[in-house]
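For reference, the structure is listed below as structure tokens.
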Amino acid sequence: MGILGFLLLIAALILLVPCVVLFIQCVLGSLAFVRTSVAAQSSRDASALSVAVLMPAHNEKDIVAQSIASVMPQLQDEDRLLVVADNCTDETAARASGAGAEVTEREDAANRGKGWALDHGIRQLADSPPDIVIFMDSDCFAGPSMVDTLAQRASVAGRPVQADYRLVAPPSDPGAGAMTRFAWRLKDTIRPLGFSVLGLPCQLGGSGMAIPWSIASTAPLAGSDLVEDLKLGLDLADAGFAPVFEPGVFVESELPPAEAAQNSQKERWVQGHLMTIGSRALPMLGRAIKKRDAGIAAMALDLSVLPLGLLVMLLAAGIVLSALVALIGSGTAALSVFVLGLCLVVGAVLITWVLAGRDLVSASELVGFGLRLLKKIPLYAGVVFNRQKNWIRTDRNADD
């Protein structure tokens, strides 16, 4: 085997790791999805457990009242719903107050973003701290019994708990973004559900996450990280509080109607994810091995799973390069590993679609997935050559 063939084999083996993780998660998660279609909800003792729902908001005047309305009926007498109107230039604060929420306004043009807003909110709650804090974005809607179930689970576990975070089409276009919503379900529902079957932790999704006050009050929230929720989950896991997944309840967020907004959001996610992989995955895996901690190892391995489109494109490129190298007599080992990785990814997607995705995506749409990857080349190019450094609000106005 020549040096080029050897280097390709190393690259193929590295890429095989996330492929195996993805396949295991999707098989177990899809099977569990079929069995847990009916939510298992729980209640709490109002006298024993108090809750504060913390909702950061930046220029969300059109939707914040609806989000609040989905939460208010679930609150008990001593509970609080606090909206942090962060650097708003619209009527977000007034509409949140009118909907019945407590409101605190924050103005700091130099330190903008969700992390700073959450940190501000925690400090506002400190005067009368709750037992459990539930973080929910102001463009999300709470599913039935979300507050009670998350609060009870977080109290019993003594760890952060993540609800099933769903992406839905806007009412004006029920068929919009079918493949995007399928990919979201695979990532934010099926994969964490698969690891939960094995008793392993999950990443935090940012909305619909409950954290005991003793943890939330000292959590490193302030900052402008592109994927602040992913970073928070990893930080808490390193501190000994790896999050757990609760599939029995959900929060929903509408797909941004404007294609430009969707692309901006995807680019931000991809860029932040790749930067986090580069800085956290290997050190975290090393610490897990040293401590013999399966939970932290699982989170490191889950983190290593590249965005699906990018993973497929890298595997396809590897197959082409290793096939060319094989033709000049450098062996087929790398080619075999790249092909195995691609088969695992394709198998994971197909299994997820058969068991948990046919309500979102038709067979013909799934076949067209490969063609969609070509359209993502500019997205990944933008990640490399047009790196974002600060948080940017997702535009939900289709006309802007």
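Within the chain, antiparallel bridges make up roughly 30 percent of the DSSP beta bridges whose residues both belong there. Residue separation of LEU4 and LEU198 scaled by 0.36 nm, minus their Cα-Cα distance, works out to 66.0 nm of gained length. For the pair LEU340 and THR218, label points projected 7 Å from Cα toward Cβ lie 4.4 nm apart.
With springs connecting C-alpha atoms under 10 Å apart, model the chain as a Gaussian network and identify which of ALA32, ALA326, ALA109 has the largest mean-square fluctuation. In the Gaussian network model the winner is ALA109. Using every pair of separate Cα atoms, the Kirkwood estimate puts the hydrodynamic radius of the chain at 22.0 angstrom. By the combined test of axial Cα extent (at least 30 Å) and Kyte-Doolittle hydropathy (mean at least 0.0), the qualifying DSSP H helices of the chain come to 3-35, 333-356. Lysine pair count for the chain with Cα-Cα distance under 16 Å and sequence separation of 8 or more or different chains is 7. Only helical runs count toward this figure. For the chain, summing -39,500 (n - 2.57) over DSSP H runs of n ≥ 4 and dividing by all residues gives -16000 deg cm²/dmol at 222 nm.
Using r as the Cβ-Cβ distance of ALA363 and VAL156, and R0 as 35 Å, what FRET efficiency do you calculate, to the nearest 0.05? So, using R0 = 35 Å, E works out to roughly 0.25.
Between SER97 and ARG35, the contour length at 0.36 nm per residue exceeds the alpha carbon distance by 18.3 nm.
The gain in end-to-end length when the THR332 to GLN66 segment is fully stretched comes to 90.0 nm, 0.36 nm per residue minus the alpha carbon separation. Taking every DSSP beta bridge with both residues inside segment 39-258, roughly what % is antiparallel (nearest 5)? Percentage antiparallel, nearest 5: 30.
Largest first, the extents of the alpha carbon coordinates of segment 69-127 on the three principal axes equal 37, 26, 16 Å.
For segment 39-258, the Cβ-based charge dipole about the Cα centre amounts to some 660 debye (Lys, Arg positive; Asp, Glu negative; other atoms uncharged).
In this simple spin-label model, placing a label point 7 Å from the Cα along the Cα-to-Cβ direction at both GLN76 and MET179 gives a separation of 4.7 nm. When the alpha carbon coordinates of segment 39-258 are projected onto the principal axes, the ranges are 46, 44, 34 Å, largest first. Between GLY115, SER50, SER172, whose Cα lies farthest towards the positive end of the dipole of segment 39-258 when Lys and Arg beta carbons carry +1 and Asp and Glu beta carbons carry -1, centred on the Cα centre? Among GLY115, SER50, SER172, the one farthest towards the positive end of the dipole of segment 39-258 is SER172.
Where a number appears in this text, it was derived from the coordinates with a stated rule and is not lab data. The structure presented is a predicted model; accordingly, all values stated were derived computationally and were not measured. Glycine gets a Cβ as well: all are built from the backbone with ideal geometry, and neighbour counts include every protein chain shown.
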